[in-house]
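S.K.: The structure follows.
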Amino acid sequence: MTAVPTLAGLLAALVATVVLTVVCPPQAQPWAQFATVALVATVITARRGGRPVLARPGTARQRPVDVVDLVAPDRSPVGCVEGERVVTTAVEISAGALVTTEVGRDDPAAHRGVRLPLAVVARQLEQGGVRLEGIDVVVDGRRAATGGDGEVYDALVGPLALISHRRVHLLLRFDIARLALGPAGRADGSLEQVVTVATERLRRSLVHHGVPCRVLDAAGLAGLYLDAEGDPGPGVGVVVRPSADPRAVIDGLTTVRAARVTEVLRLRRVEGRDDVVDVVTTVGLTGVAAEAVAERVLPTTADTCHRLPTAGVLPVPGEEMPVAVAGSLVRRRVDDLAALAPPAHGCGQILGATRTGGAAAVQLAGPHLRSVLLAARPAVCRQVAFRAVAAGYRVAVVTDVPDRWRPLTAIGDESRYRIVDPDASDAGAPVDAVMWDVDGPLTEGRIDALAGPGGPDVTPPTVVRVDADWDLRGERHADTAAPPDLVLDGRIDGWISIEPRAGESRRVSVVAGPGEEAFVGPLTVPGELTPAGAAPSASPDRP
């Protein structure tokens, strides 16, 4: 955060007034003093990019912050940040849906996947004697990952209103003083037990309503803390006015070409009421050009939002709500919160172009998909993996032909992309998807092994069975003992058929994005259209 040096400005004006009183003729003193004060005021209030030119950077934190692991009754760790008055824990959402988003035709606001059940979250503010101060819902959406691969993918997305990947966290806020007077203050309770049990109740409630999630430990919560404390960079932040529709404002801002769109919805419990909550929404856009801020963001939000000093809208665990945000709290009925529900996941990666010229995006990694079969030439398989990583997902390739996948090591980040030996017992560090490119059947037992140890807080990765050698076996798919939830059939050069186990199939044409060839190699573009119009009538062995 930054602050205008108001005290320094007042002292400068006072000193200048005294000096002018001594050196200026009496008849010129009023005008000279007025001009000097006006000049000082102009200098200290001048802004550039929404920030004061003479802004004073925030001072370093003097008080150390404790980020520790509490131990839940089931012995699982629960990360906790203890502030002066508030204790904070966090839950991370892992959601997905097998839907194809056609960007360029669909309204960007028409999210057809899973949304967060806000009413369910709000009802956890009161847990039978344990009362939370509030819950902060943080939705961090990105067009592309950071790094060179993300820049290449961002060039492919271009002006399309596509949020490829979303990270959703819930920050649970406990008032220490209230907890001391509640169950934790009695002999049969403890602060640690109350906090961990309340956090677990929220997690189980979301899982019961079909939203997979996990409780963050101290390491995960520390990452959120550092992200909130860091400099967001150039951009713009706004708080939605009480009279405006937050969902309409946010959906309108998704059309702005920003590298990162962060939405924060703060829920606060109303004393003595369980049918209403106080709500306020803030939105931050970073990586957006100054021209877009002036031409798109400011005119769009002029009547619906108040502008914040910076683009940093992430709540800091353990700290109070900023005054500039608290002034826009509005009371809403819990039963009406569904209208404000944010998307729980992104649209995924672009697979290709539709017959109308739009971009078809599919989320290929997430709890909604256990296994996928990808049958295509090696360059197309590499393109699918590359775009998954560039869109923000973590991918491990298990293969006995590592040379086929080695070009993608140019990504240069093993936490997001790495090649794993087929004899390894698992995929190593957590990933969102495992590309299985091994000569041999993929069994249910092997899928379970790749998923890792499991448990209630673990979302297993999606296993993508790669068949890049189908032309050596004729038109027959590779053997697989596990029926895939989704088939991506790219055996007709230049086309990919998206075939879910249940639902309608659709075909898209392969598109080579600018700069992708350095990662995936040369691609075959579609040939002439078929007599049917815009796509092959079917995959080779499908009616």
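S.K.: Consider Arg332 against the criteria (1) out of contact with any helix residue (DSSP H, G or I) (no Cβ under 8 Å at 6 or more places or on another chain); (2) under 30 Å from Leu221 (Cβ atoms); (3) in the same structural domain as Val81 (by TED's automatic domain parsing); (4) at pLDDT 90 or above: it satisfies all of them except one. Which criterion is unmet?
M.R.: (1)
S.K.: If you don't mind, there's one more thing I want to ask. Can you find even one residue in region 230-244 that is of a type in the set (Gly, Ala, Ser) and either in a helix (DSSP H, G or I) or in contact with a His (Cβ under 7 Å, 6 or more places away or on another chain) (or both)?
M.R.: No, that holds for no residue.
S.K.: Would you mind finding the one in Leu340, Leu364 that is crowded, with 19+ Cβ neighbours inside 10 Å and under 30 Å from Glu517 (Cβ atoms)?
M.R.: Selected residue: Leu364, the only one of Leu340, Leu364 that is crowded, with 19+ Cβ neighbours inside 10 Å and under 30 Å from Glu517 (Cβ atoms).
S.K.: What do you reckon, is Val256 among the β-branched types (Val, Ile, Thr), in the same structural domain as Leu160 (by TED's automatic domain parsing) and modelled with pLDDT of 90 or more?
M.R.: Against the criterion (among the β-branched types (Val, Ile, Thr), in the same structural domain as Leu160 (by TED's automatic domain parsing) and modelled with pLDDT of 90 or more), Val256 does not qualify.
S.K.: Of the conditions (1) crowded, with 16+ Cβ neighbours inside 10 Å; (2) under 18 Å from Glu126 (Cβ atoms); (3) under 24 Å from the mean Cα position of the chain (by Cα), Arg201 fails just one. Which one is it?
M.R.: Here Arg201 clears every test but (1).
S.K.: Right, another one. Go through the residues of region 358-371 one by one and say whether even a single one is hydrophobic (A, V, I, L, M, F, W, C) and in contact with a Cys (Cβ under 7 Å, 6 or more places away or on another chain).
M.R.: Within region 358-371, one or more residues are hydrophobic (A, V, I, L, M, F, W, C) and in contact with a Cys (Cβ under 7 Å, 6 or more places away or on another chain).
S.K.: Looking at (1) in the same structural domain as Leu98 (by TED's automatic domain parsing); (2) small (Gly, Ala, Ser); (3) at pLDDT 90 or above, which is the one condition that is false for Ala294?
M.R.: All conditions are met except number (3).
S.K.: Going by the structure shown, is Val240 within 24 Å of Gly134 (Cβ to Cβ) and under 20 Å from the mean Cα position of the chain (by Cα)?
M.R.: Yes, satisfied.
S.K.: Sticking with this structure for a sec: With region 1-115 as the region, which strands (runs of 3 or more DSSP E) entirely inside it contain at least 2 residues that are in contact with a Lys or Arg (Cβ under 8 Å, 6 or more places away or on another chain) and at pLDDT 65 or above?
M.R.: Here the list reads 86-93, 100-103.
The values are calculated or read from the model by the stated rules, or taken from the named source; none is laboratory data. Please read these numbers as outputs of a predicted model, since none were measured by experiment. All Cβ positions, glycine included, derive from the backbone under ideal geometry; neighbour counts span all protein chains shown.
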